[in-house]
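Contents: one structure, followed by commentary.
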Amino acid sequence: MRIQLVSALCALSLAALGVQARDTNEVVTADRQDAAIAAAVREAQRTLDDFLQLAAAPPAGTQGFRVQVMVEDEHGIETFWITHFRVLDQGFVGEVANEPRVVKSVTWGQQLRFSREQITDWG
């Protein structure tokens, strides 16, 4: 299982080599009550430690590690890909790689602080 996870992560990382500054693989809104979405988020959270360990010491030739984070403000809920992220004493910080469509409290390119619980996906 671990070898499969590392292989999948390497493939994702290599695919990310062609990613431009803005990530166009956006999920603007999603029904948090949807069973498939809830299951995907649970799986992302379950495997997050393995991903973070890999991202902290990336294999040669890999780059483009990112996490998807759910943000909520008075305008709604939106998910953003966060690049160039790092672990803090409490939570994380990284760069917003999507243009906001719903949430107005963040902007593309801003440094965003977020918690582990906000992470909904990774790649």
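The values are calculated or read from the model by the stated rules, or taken from the named source; none is laboratory data. Since this is a predicted model, take the numbers as computed values, not measurements. Every residue, glycine as well, gets a Cβ built from its backbone with ideal geometry; the counts of neighbours run over all protein chains shown. These area figures cover heavy atoms from the full protein model, side chains too; ligands, DNA and RNA do not enter into them. Shrake-Rupley method; radii C 1.70, N 1.55, O 1.52, S 1.80 Å.
Data for the structure
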| quantity | calculated |
| --- | --- |
| Long-range amide H partners of residue 85 with built H, under 5 Å | 95 |
| Exposure of residue 119 as accessible area (Å², to 10), given a probe of 1.4 Å and all protein chains | 0 |
| Computed accessible area, residue 86, all protein chains, 1.4 angstrom probe, square angstrom | 130 |
| Full-stretch length increase - residue 38, residue 72 - with 0.36 nm per residue and alpha-carbon distance subtracted | 10.6 nm |
| Qualifying chymotrypsin sites (Phe, Trp or Tyr not before Pro) in the stretch 88-123, DSSP loop, other Cβ atoms within 10 Å at most 14 | 108 |
| Proximal charge balance of residue 55 [Cβ under 13 Å; K/R count +1, D/E count -1] | 0 |
| Computed label-point distance, nm, for sites residue 63 and residue 117 using a 7 Å Cα→Cβ extension | 3.5 |
